[in-house]
1. Which of the following residues is under 27 Å from Leu310 (Cβ atoms), touching a helix residue (DSSP H, G or I) at 6+ places or on another chain (Cβ under 7 Å) and charged (D, E, K, R): Lys253, Lys277?
2. Here is a list of conditions, (1) in contact with an Asp or Glu (Cβ under 8 Å, 6 or more places away or on another chain); (2) closer than 24 Å to Met210 by Cα, and Lys277 meets all of them except one; can you say which number that is?
3. Any idea how many residues of segment 115-129 are buried (at least 16 other Cβ atoms within 10 Å of the Cβ) and basic (Lys, Arg)?
4. Can you tell me which residue within segment 92-116, out of those that are aliphatic (A, V, I, L, M) and touching a residue at least 24 places away in the same chain (Cβ under 8 Å), is farthest from Ala248 (Cα to Cα)?
5. Of all residues in segment 210-236, which are part of a helix (DSSP H, G or I), out of contact with any Asp or Glu (no Cβ under 8 Å at 6 or more places or on another chain) and surrounded by 17 or more Cβ atoms within 10 Å (Cβ to Cβ)?
6. Determine whether Lys167 is surrounded by 15 or more Cβ atoms within 10 Å (Cβ to Cβ), modelled with pLDDT of 70 or more and among the charged types (D, E, K, R).
7. Looking at segment 255-265, can you tell me whether even one residue there is farther than 29 Å from Asn124 by Cβ and in contact (Cβ under 8 Å) with a residue 60 or more places away in the chain?
8. Please note which helices (runs of 4 or more DSSP H) are completely contained in segment 245-345 and include at least 3 residues that are surrounded by fewer than 17 Cβ atoms within 10 Å (Cβ to Cβ) and not aliphatic (A, V, I, L, M).
Amino acid sequence: MFTYIIARTVYYCIIIILSGVLYNLNTSNKTNFIEATSQNYQDNEYWLNRCSICFDRKHEFCLNRCRDQFCKNCFSRYVQEVVNNSWGLNVTNVTCPVCRDVLPLKEWSKHVDSQTVKLYKTYNQPFRPLIRFCGSCQKPCFEPYVEYEEDIKTGKELLKKLKVSYKEILAMLQLNRTQISYYNKEFKATYHYLHEGLASEGIWHYTEIMDTIKHLSNDCDPSITQSEDFINLVTDFSIELISAESKADTWKKLQFLHISLIPNVYCIECEAPVCLKCTAASHHIGSTCIEYLEQLSVSRTSVKDSKATLKWMVDNSKSCPSCHILIQREEGCNKVNCLYCGGEFCWICMRQWTDGCGFYRCGGNQTNPSLPEYRSSSPFSVSSNYPSSETVHSNIQY
């Protein structure tokens, strides 16, 4: 009996001791849990109040649309970087650096200095000309313009101006009076809308009339079509046609069509021949821009650095399949964004960028049969090797 009482006593003592231990453990766990929860809350509060770019400074404002938050210093530097890289012909949108939503000017301009806003408006004005410079004197040799507002309102005056230039071209091609009269009527029918007030010219109007000039030039003496006077006359006429466009996006595309159809001009300042595609001081008739650079790299007898530069240009230059302007790329993935026209294409196969091509693996052919090497037998594109305006038109990015 006595042994039983001792055993029962020991049993209850053990139960009491274990209960105390468990109680202490539960109390400790609860305290740790509360402390951890409090720490997590403080950590979340810390990050919720940080700039989404540097994660260091406390945020100073939130964007209205997406509510992403930034400090003024980081956001201002981000916008400045976007603006400084928006000098191409495409209008650049400022987007949120986190979610990439497009931000309206009135929102992001509140958080940057006035100079950045002014620079953005300069770089992203609707009618920005594609300026090409002479390879000899470095002066602008191609710069389309927009008609003054008072001229735009009087379509008859613009039509009269264009008809005079067109008639001069027909006369230089030595067409007889009957032919000149016929093509003048055709021109008037194409641009009849100018009598009623200027509307958007459109790609069709431009290619229709330039095709007529090209086909007429096919049967003309090359000594005429290759002359400086004829090239200047056709160039001026084309620029006048482009200036009649009232839609900024179409106006941009017409500039690239001009370069595709009339790549060769003479500099206004020094009268040197200039290729608008590569800005070389030569029309390099019968050779592509790359072939001309290869010839220079072999034949040039000047300093070694000049040859090395030409060799680098040959190895790292290709013509954009959309605007046909010669561009350079030294390294990087296969995807290329043309800074002139905004076209996206694969650097390997030169086709428009699609799912078939990867950033480091080309899924297409190595050549693009739809984009032939352009060799013109005259400064104005009249040879059969040059693509039709329809082909050029189909490769313009829309």
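1. Lys277
2. For Lys277, the failing item is (1).
3. 1
4. Val98
5. Across segment 210-236, the qualifying residues are Met210, Ile213, Lys214, Leu216, Ser217, Thr225, Phe230, Ile231, Val234, Thr235.
6. Considered against the rule, which asks whether it is surrounded by 15 or more Cβ atoms within 10 Å (Cβ to Cβ), modelled with pLDDT of 70 or more and among the charged types (D, E, K, R), Lys167 comes out as yes.
7. So far as segment 255-265 goes, yes, one or more of its residues are farther than 29 Å from Asn124 by Cβ and in contact (Cβ under 8 Å) with a residue 60 or more places away in the chain.
8. 289-299, 304-316
The values are calculated or read from the model by the stated rules, or taken from the named source; none is laboratory data. Here the structure is a predicted model, which means the values were calculated and not measured. Ideal geometry is used to build each Cβ from the backbone, glycine not excepted, and the neighbour counts take in all protein chains shown.
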